[in-house]
Amino acid sequence: MSKIIFTDCFNTIILRKESDKIVTYNWCEKLGEKYDIEPAVIYHFVSKYKFSLAIKNFFKIGDTEINFEKVIAEVANVLKKNISDFDVCAFKKDAIATYIEVESFSHYLNKKFVEKLKLFKAQGAKIYVLSDFYCGKEVLKIWFKNLGVADLFDDIFVSCDYMATKRSTRLYKKIVRQLNIRKKDITMFGDNRHADILCSKLVGIKSFRVQTEIKKAPKDFKKIIQFGSHYKKYAEIFERFGNNYNYSNHAFSLFLFIRRLYNELKKSDVKNVFFLSREGLFLKTLFDKYSEMRGGIKSHYLEVSRNALYRVVLKPLEEEDFTYFFKKIHKIDIYKFLNSLSFSEQEIEEVQAELKVNIKIKKRNLEKTETFKNLKNCFAFKKIYEAKRKEQEGVFDKYLKSFGVDFSKEGMNIVDVGWRGSMQDLLTTYLGPNIDVKGWYIGYLKIAFTRNFIDINQKSKKGLLFDMRKNKHLGNKCFEPMFLDYEQICRANRGSVYGYKINNDKVSVIYENKIDESKLHKKYILPLQDQIENKFSDLCKLEFKNLSIIEPITVLRHMDIYKKLSRNDINFYLNAINSHFDNFIAIGIPKGSNTLKRFAFNVAGFLLKIRYLRFSKKRIFKTFYKQIAEGKLYDL
């Protein structure tokens, strides 16, 4: 019998109920639960820094050993970049304590081998544990004590304490020198053919292999660490409702938008947020669902339209040049111009009687014509224009005050589907330069310098899913092509806001009533919105507050919508577009043959599939983790 016994620890003395990978993931789950972080994100960075530190040490000291505390420190630094109130010191302590607990829970003794060691001990042998492990001697002592075998060992030597491993033979050599013992007096026991058997023989130590069953990770483990522990639930949500209204899977992108919006508002310490236009009502519904879970931000629905706001911000006639109106319309007649200013038929007739011209002749660049100059000098026009301007300005001022928000202190934060933020510009003009108006949009397009118009508020406009000025945030190019989808999906069940009036000392909103929008909404849009809400609610239950895998998952699912475009989806979209009316600009495609439209959509779908081939899963996740590592995931 040998006088000195060297023995490995894991899969020799201590066995695990589960694979070491599963144990590590369980630890990530416990940490993720406490710090509200997706476990797959923690697992990714733990694996990444284990590898990178091992490579770094190989070139530095000639061995691939790592120290777990340094790995945790690296992970903590990354998390600190992305979470504003993150406590690095607390995380390090929790990580070590939680790991000891989770590992301990998975341990059980190799009783057969332990009995053999006890026999060697009784015969006078000294027993030493030599382990290639990233947690030090004190941690192994805790686990041995929990298993009731701490007194069995004369000492414990762990690779991370010496920055030398058995697999490089350096740990054997160091321990032999430290103990001042002869190699021929030592016998090594272990399960690993390379580190425990071959490497010990290379340094002149005889060895015996202890054969144990090593637990393997389940088949779906790769999917769990890539797509998160909820990956099956994400798939079930995506497949729900089948091919009918496949656009209900915009619930993923809308969830991502609301999540980013909430995080940005919270970061800016916003107390009140205003959702506006017809699309804002549905967005507010989704935001309230999400905010109820996270808490703290009050939402309001501001009923406005471009036309209504335009009338509110009109200046006295001698100062007004109608730039906002003419920047969009190049050819128009006096009749339609007056109609856009909410002149009634009787008022238009009064103006025409004084002008004595045919006011229904369209003219290009109307504002530069002699007829328009005469109109501005017309007494009837001046009188009616000024009365309407003051009335709308006064009523809208009362409408804003009804929300009970002090805009002079808080500023105004508005949310809309987006485009170029024209309503934000109008609100900025109305509130004045001393009140900051910030706009948060699903998408923000490139600025068009149309004629004399210049976007006055570019820096305070942000597209949260895509922004044509920036390509930094995840999925920017992926979400860009389907901007008009959100115009359809988020529609309200009423017409556009026409103006405001006072009834019984309360402000009421007047709507366009040229067509029954509620009937069309109930037929085409409401079923879709109900399905989106259903999926959105389930996504809320899977939410991780700080770092979530939903970012890359949403990009992938968004691409799948168009990769799996069905005939039902195309028919739905055509009907939705044909039922959409806007009183300021044309939305959708011109009326015509449905066959041609269907053909156009099939071609567009094919082109989108080709476009989305560039966005591989590997590339999307690589970008996602790169942005986290740089602390730029929400760099909008």
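Excluding residues fewer than 8 places away in the same chain, name every one of the aspartates and glutamates whose C-alpha is closer than 14 Å to that of Lys336.
By straight Cα distance, Lys336 reaches Glu345, Glu347, Glu349, Glu367.
Cα axis of helix 594-612 to longest principal axis of the chain: angle in degrees, 0 to 90, nearest 10?
Relative to the chain, helix 594-612 is tipped by roughly 30 degrees.
Taking Cα atoms of region 4-209, Rg/Rh with Kirkwood Rh, to two decimals?
1.00
Please give the helix 526-541 orientation as an angle from the longest Cα principal axis of the chain, in degrees from 0 to 90, rounded to the nearest 10.
So the inclination is approximately 30 degrees.
Report the Cα centroid-to-centroid distance between region 216-239 and region 43-59 in angstrom, as an integer.
Each part's Cα centre sits 25 Å from the other's.
So what is the relative contact order of region 4-209, in percent, for Cα pairs below 8 Å that sit 6 or more residues apart?
Here the relative contact order equals 27 percent.
How high is the relative contact order of the chain, given as a whole-number percent (alpha carbon pairs under 8 Å, six or more residues apart)? Mind dumping the intermediate values first?
Working: 889 pairs, mean separation 99.6, N = 636.
With pairs under 8 Å counted, the relative contact order is 16 percent.
If you project the alpha carbons of region 199-344 onto the principal axes, what extent comes out on each, in Å, largest first?
Here the Cα extents, ordered largest to smallest, are 103, 39, 34 Å.
Just need log10 I(q)/I(0) for the chain at q = 0.08, 0.10 Å⁻¹, Debye formula, equal scatterers on the alpha-carbon atoms, no solvent, rounded to two decimals.
The Debye formula, applied to the Cα set alone, gives -0.73, -0.96.
How much length would be gained if the chain were fully extended between Lys360 and Asn377, taking 0.36 nm per residue of separation minus their Cα-Cα distance, in nm to one decimal? Walk me through the intermediate numbers first.
Details: separation 17, 0.36 × 17 = 6.12 nm, distance 1.88 nm.
Result: 4.2 nm gained on full extension.
By counting other Cβ atoms within 10 Å of each Cβ, how are Thr323, Thr165 ranked from fewest to most?
Least crowded to most crowded, the residues run Thr323, Thr165.
I need the GluC sites (Glu not before Pro) found in region 8-82, filtered to DSSP loop residues with at most 16 other beta carbons within 10 Å of theirs.
The qualifying sites are Glu18.
Taking the Cβ of Ile435 as the centre, find all other residues whose Cβ is under 12 Å away and add up their charges (Lys, Arg: +1; Asp, Glu: -1).
Combined, the nearby Lys, Arg, Asp and Glu give -1.
Give the value in nm², to one decimal: projected area of the alpha carbon convex hull of region 345-400, averaged over all directions. Don't jump to the answer; show the numbers that get you there.
Working: hull surface 19.6 nm².
If you wrap the Cα atoms of region 345-400 in a convex hull and average its projections, you get 4.9 nm².
Provide the gained length on full extension for the span Lys563 to Ser508, in nm with one decimal, where the gain is 0.36 nm per separating residue minus the Cα-Cα distance.
Between Lys563 and Ser508, full extension yields an extra 15.3 nm.
By how many degrees, between 0 and 90 and to the nearest 10, does the Cα long axis of helix 88-106 differ from the longest principal axis of the chain?
Rounded to the nearest ten degrees, it is 60.
Which GluC sites (Glu not before Pro) in region 326-429 pass both tests, a DSSP loop state and at most 12 other beta-carbon atoms within 10 Å?
Passing both the DSSP loop test and the Cβ count: no residue.
Only the coordinates and a few stated rules stand behind these numbers; no lab work does. Fair warning: this is a prediction, and the values are worked out from it, not measured in the lab. Every residue, glycine among them, receives a Cβ derived from its backbone with ideal geometry; neighbour counts consider all protein chains shown.
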